Ligand SMILES: [Zn+2]
């Protein structure tokens with residue numbers, strides 16, 4: 001009675017050539033269901049038809065846009081079916097299934113096609129409703145399978161986004177510490193340490209390591225652990241601070257100038273670290289050595305001077321105490 005009871009996946013597997021052996025992996029994990037429903041994107045289904053043909057699906061549903069309506073469609077198709085849902089795709093596919101499966105209380109497996117953010121194994125789904133993105137409570141998958149052969153074929157920028165999103169944990173936990181000291185917000189130490197330990201192994205890599213199995217393994221493990229830190233605290237406090245507020249503000253108020261989530265939070269983290277924190281984790285040095293600094297220069301249309309203006313919008317996103325409350 002004095003323990004935290006956490007919902008965590010019973011199956012976590014990463015490596016190469018996994019998708020073709022999906023049935024075998026599920027069997028080994030004792031995930032035996034009469035039916036399996038595949039939810040994926042059409043282009044992915046076509047690209048990986050050969051590997052997917054090794055598994056029999058009672059139904060295949062195609063989704064694309066990360067829309068709330070698509071989540072309702074998945075709920076309708078899966079509700080009366082004793083099936084294991086297999087979500088194979090990018091963040092939008094995983095988030096649709098994450099939310100739908102939670103609403104109809106069905107187990108699901110996440111097979112990400114890219115490692116672009118820490119939503120792979122989290123309890124928060126980001127879906128678009130009436131043109132606006134919203135963070136919604138959901139449940140983590142019962143299994144996560146990360147096939148590096150698939151991840152390696154995703155655009156390099158997605159890998160950069162995942163790295164930046166994960167390393168931004170180091171900014172989020174500093175905001176949490178600040179909130180504890182300044183306004184007495186309690187810290188969930190388990191969530192805090194999971195978030196921190198998820199990110200730290202990434203800091204040793206350089207641009208030459210991009211795409212290597214070592215980096216992919218640390219990134220995959222880190223993103224899963226980061227998701228579990230959200231499960232531990234029941235919210236995103238340990239993984240989302242002022243840098244995420246900036247990214248959400250860009251998405252909400254300047255959608256025409258928004259870009260990939262991880263790239264926006266990484267850019268914001270760099271400026272926050274330099275201006276307000278003395279960069280204790282040397283993230284700006286890391287961004288330079290891994291090649292993210294160049295990515296920010298190419299993809300972020302905002303200047304450092306625009307940042308002050310963005311802070312006022314970021315403060316409207318949610319009432320979460322961050323470094324912005326101290327300036
Ligand atoms: Zn994020």
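Laboratory data are not the source of any read-out in this text; all were calculated from the coordinates shown. What you see is a predicted model; the values in this text were computed from it and never measured. Every residue, glycine among them, receives a Cβ derived from its backbone with ideal geometry; neighbour counts consider all protein chains shown.
In the chain, the longest principal axis of the Cα atoms and the axis of helix 169-183 are about 60 degrees apart. When you count the other C-beta atoms within 10 angstrom of each residue and take the mean per peptide, 61-71, 200-210, 223-233, 24-34 line up highest first as 223-233, 61-71, 200-210, 24-34. Judged by the mean number of other Cβ atoms found within 10 Å, the most tightly packed of the peptides 234-241, 317-324, 44-51 leads the ranking 234-241, 317-324, 44-51.
Helix 261-272 and the longest principal axis of the Cα set of the chain meet at an angle near 20°. Take every DSSP beta bridge whose two residues both sit in the chain; close to 20 percent of them are antiparallel.
With respect to the chain, whose longest principal axis is taken over its alpha-carbon atoms, helix 213-233 is tilted by about 80°.
Given the alpha-carbon gyration tensor of the range 180-261, what are the semi-axes of its equivalent ellipsoid in whole angstrom, ordered largest first, with each equal to the square root of 5 times an eigenvalue? If you can, show how the numbers build up before the last one.
Details: eigenvalues 117, 93, 23 Å².
Values for the range 180-261, descending: 24, 22, 11 Å.
Peptide packing: for 4-13, 258-267, the average count of neighbouring Cβ atoms within 10 Å per residue gives the ranking 258-267, 4-13, highest mean first. In this simple spin-label model, placing a label point 7 Å from the Cα along the Cα-to-Cβ direction at both residue 256 and residue 153 gives a separation of 3.7 nm. The Stokes-Einstein estimate for the chain, based on a Kirkwood radius over Cα pairs and taken at 37 °C with 0.692 mPa s viscosity, is a diffusion coefficient of 164 µm²/s. Counting 0.36 nm for each residue step from residue 299 to residue 49 and taking away their Cα separation leaves a gain of 86.7 nm.
Arranged from fewest to most other beta-carbon atoms within 10 Å of their beta carbon, 302, 176 become 302, 176.
Tell me whether the range 156-326 comes out rounded, prolate or oblate; compute the Cα gyration tensor, take square roots of the eigenvalues as a ≥ b ≥ c, and use a/c under 1.5 as the rounded threshold. Oblate, because a/c is 1.5 or more while a/b does not exceed b/c.
When a/c reaches 1.5 or more, the comparison of a/b and b/c decides; with that in mind, is the range 252-325 rounded, prolate or oblate per its Cα gyration tensor?
On the way: a/c = 2.02, a/b = 1.18, b/c = 1.71.
Taking the square roots of the gyration eigenvalues as a ≥ b ≥ c, the range 252-325 is oblate.
Would you mind calculating the gained length between residue 285 and residue 217 on full extension (0.36 nm times residue separation, minus the Cα-Cα distance), in nm to one decimal? Please list the in-between numbers first.
Numbers: separation 68, 0.36 × 68 = 24.48 nm, distance 2.21 nm.
So the extension gain works out to 22.3 nm.
Put a dot 7 Å past the Cα of residue 7, heading toward its Cβ, do the same for residue 209, and the two dots end up 3.4 nm apart. Computing FRET efficiency as 1/(1 + (r/R0)^6) for residue 33 and residue 275, where r is the C-beta to C-beta distance and R0 is 45 Å, gives about 0.30. Among 103, 275, 126, sorting on how many other beta-carbon atoms sit within 10 Å of each Cβ, with the fewest leading, yields 275, 103, 126.
Roughly how many Å is it from the Cα centre of the range 63-117 to that of the range 132-167, as a whole number? The range 63-117 and the range 132-167 have Cα centres separated by 14 Å.
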